[in-house]
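See structure below.
We did not get these values from a lab; they are worked out from the coordinates using the rules stated. Computed from a predicted model, the values in this text were never measured in an experiment. All Cβ positions, glycine included, derive from the backbone under ideal geometry; neighbour counts span all protein chains shown.
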Amino acid sequence: MIANAYELIVYILTLFRVYEPLLNVFQALGAEYVLRIIIVLVEIAVLFVFVLLTVMFLTWMERKVVAMVQSRYGPMVTGPRGLLQPVMDGVKLIGKEDIIPAKADRWIFTLAPFIVFIPALLVFIPLPFGESLIISDLRVGLLYIIAISAISPIAILLAGWASNNKYSLMGAMRAVAQDISYTIPLALAAIAVVLLTGSLSMVDIVNAQGGAWFGVIPQWFIFIQPLGFILFLIASIAEMGRIPFDFQESESELVAGFFTEYSGMKFAMFFLAEYAHLFAVSGIVVTLFLGGWTGPVLPFIPVQITSLVYFLIKTYAVIFFAMWLRDTVPRVRIDQLLNLGWKIMVPLALLNLLVTGFLVTAGVMV
Amino acid sequence: MNPAEELKQKLPSAVVSIGIQVNKPMAVIKKEELLNAAQKVKEMGFDHLSVITGIDYMDHFEVVYNFFSYAKKQNLALKVITDHEDPEVDSLTSLWKGADWLERETYDLVGIKFIGHPNLVRILLPDGWIGHPLRKDYDMDTEQFVTIGEGGEDIVSTDGSNLLRRK
Amino acid sequence: MDPVTIDTTKIKSIKRKPVTALEKLEDTGLISTVLAAREREGLILLSTIDQVFNWARLSSLWPVTSGLACCAIEMMGVAMAHHDIARFGMEIFRASPRQADLMFVAGTVTKRMAPRVKQLYEMMPDPKWVIAVGSCASTGGPYHESYSVLKGVDLIIPVDVYIPGCPPRPEAWLYAIIQLREKIKNEGYGAKWGLNK
Amino acid sequence: METDELIINMGPVHPSTHGVLRFKLRMDGEIIKECTPVLGYLHRGTEKLGEMKTYLQFIPYTDRLDYISAMPNNYAFVKAVEELAGIEVPLRAEYIRVITMELNRVVNHLVSIGSLLMDLGAATMIMWGFRERENALQLYEMLCGARMTFNYIKPGGVREDIPEGFIPKLNEFIKDMEKRIEDYEQLINTNEIFMMRMKNIGVISAEDAINYGMTGPTLRGSGVNYDLRKVEPYSIYRDIDFKVCVRRECDSYARYMVRIDEMKECLYILRQVVDTMPEAKIVSNPKYGIAPMTGAPSAVMPYFPRIFTPPAGEVYSRIEAPKGELGFYVVSDGTTKPYRVKIRSPSFCNLTAIPGMVVGLKIPDLIAAFGTIDVVLGDVDR
């Protein structure tokens, strides 16, 4: 049993008979920890590249899905079916002039995109992409994820404040109000899942959903926790700040929200963080409610690969749903959104938690 | 009886003459009696003030008000004649809220002052624009340029060097 | 002999394929760029980095959302399903000029709007391009005699491509976009900022 | 709790002001305390140009007033001139005019609803709207070669007769459009979020609407049964059967629904007009237009003189444009150029009501209310 990606790399290296000699070399030098650090760095690099590629692909996919709904083609000229479009956007943004407005707070203005971008990557650490494809199986994984996502409102507030622009500030205020009021139902809905599994570890949560009723219906928590799933989905879409809840950058009201004044690479970081967040949240939804990487085991193919494929398929289904939603519904108003959050979703989430608690205590569930 | 005649009957002192403006009845009103006449017109059921037109006739100005009655489905035009030196008429904003912008526009482009208007400033052209373009003696040869001041307000000048690109 | 058959070899000989950089440039038909290149002894040195960046820039021109008048409706028409400039990766209309590369001056620039247009242009980060759309933005067009219309937006900001028409047809827009892409393709890094001189 | 007031400038370059309008907003947090529209960023001096151009030269300028629905603008000016000069118009020309104007009403409402939905955050509707608009524009191209600015209606008739194949294509368009409107209604009308955004937003009572001088769908959304096509029938509207679409809710949703209903009504009118169109191919008044040309493809080719002098006099003539009551006050002094042209534009007068409508609401509501007023800045600033 391989627990995480570190062990997986060691296993692969052992398979090719490289690990032992390498370890001997480093042991001879008395610096075994260097090898460990190198492996961890490799791990992180792989994750980073994977996430960046996914994010780029997501921007392309978003544009294609929108085009599809609106009976257009979407990007076509750059690369086959416009696949190189996100690369071009990225390279162009690197080459753009980086403007810092004269009246902006320079340090905070520069710092904010990083504070948004780094947590967006950190979220992936306890997220299992597949059997043993996890950087670190934290025992408080879910708590860690919720905590890390709570950093981004601070950064958004910093960005909005430092820009010295009224639209930015209003966008930031809205974003923070929205994030805070939706993190609560999000967390409450997630806690119901934790009650069922008795563990905050993401791997444990996935493993708890591994079985099947009557050998056919998978034991996903969506079937046990339908209300929780809906609440979690809505809250996570709101937390991502996508239509119908995209107040932070609602274009027709606040020009571009909190990143109105950002240009070039800093803008690109917001952009990337947004899509990384989309991917992460979809992954979390899949892990908590849709059985994570579980699925039928196929012969002759390593379980790591099949599980990764299952995870990606489910995640992309959720992402597609979010994109589809964006094309069909208008934006709600900020006060309506907060009303929905505090007056409907929080009570419902509490109710859900209560009922789940009862049933778990009574031994009906699990 | 068409509405212009009716108005003349009710307010004989105000109406100078009545006539027809291509199948629409029209009454020429004394300048001083405009507010009275408009009040009467509103009482007669003409609740829709369609348009206010100021016309420069070189020696005098005419201000034409076109009314319509939703209940009676009738048209009526009132015309006021003012002198050219200092064109002033009473504002109808107290009777029709819609008159607000129409009067501002007439002030802006023709230069007729409306007494009693709450906010008689230019509406289409920026403040400080020299002349009223729809007057016949407007100087079309002098180009005026607009730049933005510190507080975001428009500054009009005939010198465009701040704005125009150096060639 | 079959009269319909076209001798393709002859056509090739008429239109020679451009080989040198200058020939390639002349092939695009962009007069100003060609003249500028000739001034610099006909040499345009494009390093690989330049080429990569130029390719990226021409492939993702994000326009700023700024419609001024009639042409703005046609701008929407170009962006919509029928003509779909998303094919060139241009459907991301940024409301904030800080994130845009291209400005369509779509419509009549009045005296009162002129400083705002200029401000908008100045807010955009380099490198940036401007397309003057329609006769109003190019010369004042039908409103040339008016007291309140600026006679061409090139009086206040530099313009890369002009589109005639009132308003121009979407096909004309697409042609202008292709022309602009060609222009960007041949831009040296220094050429834009006058470093090559 | 007292907070500092915030002054926000929306526009003139802002995605949801439909052009170059500017709102100066005094805000208390998210709530609008005062809204002052600042106009004039597209003031092109059209009225002055009217005095400098001849009657026929001025027709193209009317196209550029309300550039989304240019045909009614054409017609409104031409109608004023015709009333002034007492020109008779052949029946077929009137039919063609009505076809073009009703088609333009459909186009206008498509753009209006589309941009409203885009401002609300649903970008799909505008794409769909423009898809159908493109079909209508192709019809216009067949008719006069232009997509948006037509210069098609002339005193005494229209510039050219409808080309062959126009009517079948129009019928196809009507048929297609009827299906599409159902699609739109499915997409939007029952959408919960859309209702939340539109119901009870931007309420204006019938009395207020009349007092502000609002007209068109905005007035009919406030429950006033008023349509110039019924009240003062011009052209051939007297003979056409249609109903005036009225809603009594007075809010943004009512105004939106009036537009959807009107589109259906337009298609109904178009069907009628196409069915009863006279056969005689005379499309302009012989006195003012037709010079018989031998050997021309059709027996009579419309021809319009460059110089055209109506008798001295003044006229105020108005029509029901898609956005409301469009009037032209034309003063003629008996020369080739008008002495004064005053344009009563519906957008300008409808916009008057916005400051009163949105106090106490939020910025998103301002956008919803403003979107349903349906303003074109070329028409506001002129």
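The figures follow:
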item: Between the range B:67-95 and the range C:56-132, the alpha-carbon center distance in angstrom; result: 44 Å
item: Cβ-placed point charges (K, R +1; D, E -1), dipole of chain D about Cα centre in debye, nearest 20; result: 880 debye
item: GNM result for chain D, Cα springs below 10 Å: residue of D:Thr46, D:Thr309, D:Thr215 fluctuating most strongly; result: D:Thr309
item: Euclidean distance of C-alpha centroids, the range A:122-157 and the range D:118-171, integer Å; result: 54 Å
item: Residues whose placed amide H lies under 5 Å from that of B:Val16, excluding near-sequence neighbours; result: B:Val28, B:Ile29, B:Lys30
item: Rounded FRET efficiency, nearest 0.05, which uses the C-beta distance separating A:Leu325 from A:Leu15 and R0 of 56 Å; result: 0.80
item: For the range A:88-100, 3J(HN,Hα) per residue [Karplus equation, 6.51 cos²θ - 1.76 cosθ + 1.60, θ = phi - 60°, Hz, x = Gly/Pro]; result: 4, 4, x, 4, 4, 5, 5, x, 7, 5, 9, 8, 10
item: Cα-only radius of gyration and Dmax that characterise the range A:16-141, units Å; result: 20.9, 65
item: Chain B, relative contact order [Cα under 8 Å, separation at least 6], %; result: 15 percent
item: Zone of A:Ile301's modelled label, taken as backbone nitrogen in the range A:108-136 under 18 Å from a point 7 Å along Cα→Cβ; result: A:129-133
item: Two-site FRET efficiency, B:Glu143 against B:Asp86, from Cβ-Cβ distance with R₀ of 22 Å, rounded to 0.05; result: 0.20
item: Percentage relative contact order, the range D:135-285, counting C-alpha pairs under 8 Å, at least six apart; result: 25 percent
item: Computed E for B:Asn162/A:Ala102 - FRET, C-beta separation, R0 25 angstrom, nearest 0.05; result: 0.85
item: Length-normalised contact order of chain A in % [C-alpha pairs under 8 Å, at least 6 apart]; result: 21 percent
item: Per-selection metrics, chain A (Cα): Rg and Dmax in Å; result: 21.9, 67
item: Among the listed pairs B:Lys42/D:Lys53; B:Lys79/C:Lys151; A:Lys96/A:Lys166; B:Lys136/D:Lys230; D:Lys199/D:Lys342, those beyond 31 Å (Cα-Cα); result: B:Lys42/D:Lys53; B:Lys79/C:Lys151; B:Lys136/D:Lys230; D:Lys199/D:Lys342
item: Inter-site label distance for A:Asp204 and A:Leu52 at 7 Å from Cα along Cβ, in nm; result: 3.6 nm
item: Those GluC sites (Glu not before Pro) in the range D:26-95 that DSSP places in a loop and that have at most 15 other beta carbons within 10 Å; result: D:Glu88
item: Highest average packing first - A:208-221, D:338-351, Cβ atoms within 10 Å; result: D:338-351, A:208-221
item: Bridge type composition, the range B:3-115 - antiparallel percent by DSSP, nearest 5; result: 75 percent
item: Pair B:Asp59, A:Thr361: separation of 7 Å Cα→Cβ label points (nm); result: 10.0 nm
item: Convex hull projection area averaged over all views, the protein assembly as shown, Cα basis, nm²; result: 56.5 nm²
item: Exercise: per-residue mean of other protein chain Cβ atoms within 10 Å, C:132-144; result: 2
item: Cα radius of gyration and Dmax for the range B:3-115 (Å); result: 13.0, 40
item: Estimated distance in nm for a label pair at D:Asp176 and A:Leu350, the labels positioned 7 Å out from Cα along Cα-to-Cβ; result: 5.5 nm
item: Distant-in-sequence amide H partners of B:Val51 (H built 1.01 Å from N, under 5 Å); result: B:Asn66
item: Between helix D:363-373 and chain D: long-axis angle, C-alpha atoms, 0 to 90°, nearest 10; result: 20 degrees
item: Dipole in debye (nearest 20) - the range A:1-80, about Cα centre, beta carbon charges: Lys, Arg +1; Asp, Glu -1; result: 440 debye
item: Principal axis box of the range C:56-188, alpha-carbon based, largest edge first, Å; result: 42, 30, 27
item: Chain D: most fluctuating residue of D:Pro168, D:Pro60, D:Pro355 per GNM, C-alpha cutoff 10 Å; result: D:Pro168
item: Pairwise centroid distance, computed over Cα atoms, of the range A:1-72 with the range B:100-167, Å; result: 66 Å
